[in-house]
Amino acid sequence: ADPSTAALTRFETGDRLMGMDFNLTLYAPTEQVANASARAAFKRIKELNSILSDYEPDSELMRLCATAGSGQE
């Protein structure tokens, strides 16, 4: 069957990341596709948190703040 014409089913999932609840609603042809998409989305959220977090001491943002004004990179 042509994937572009396949019927889409609604799938919902959630996780707690960055101290808050993330709820995803996905429309996909199969649960397997929806689960893979959800895993990719949550992985990206975790990656962004490791860069932008203001409460994780080893995030890129916090490392930048620790060296601000020092001339270090």
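The values are calculated or read from the model by the stated rules, or taken from the named source; none is laboratory data. Treat the numbers as computed from the prediction; the structure is a model and nothing was measured. Note: ideal-geometry Cβ built from the backbone for every residue, glycine included; neighbour counts use all protein chains shown. The area values use the complete protein model at the heavy-atom level, side chains included, leaving out ligands, DNA and RNA. Shrake-Rupley method; radii C 1.70, N 1.55, O 1.52, S 1.80 Å.
Restricting the stretch 41-73 to residues that are under 30 Å from residue 12 (Cβ atoms) and of a type in the set (Lys, Arg) leaves a set whose member that is modelled with the lowest pLDDT is 46.
On the basis of being at negative phi, assigned to a helix (DSSP H, G or I), under 19 Å from the mean Cα position of the chain (by Cα) and at pLDDT 95 or above, does residue 35 make the cut? Yes. Which condition from (1) in contact with a Lys or Arg (Cβ under 7 Å, 6 or more places away or on another chain); (2) open to solvent by less than 70 Å² (accessible area, probe 1.4 Å) is the one that residue 27 breaks? Unmet condition: (2). A single entry from 56, 47 fulfils the requirement of being of a type outside the set (Gly, Ala, Ser), surrounded by 14 or more Cβ atoms within 10 Å (Cβ to Cβ) and over 30 Å from residue 7 (Cα atoms): 56.
Quick one: would you say residue 12 is outside any helix (DSSP H, G or I) and surrounded by 11 or more Cβ atoms within 10 Å (Cβ to Cβ)? It is false that residue 12 is outside any helix (DSSP H, G or I) and surrounded by 11 or more Cβ atoms within 10 Å (Cβ to Cβ).
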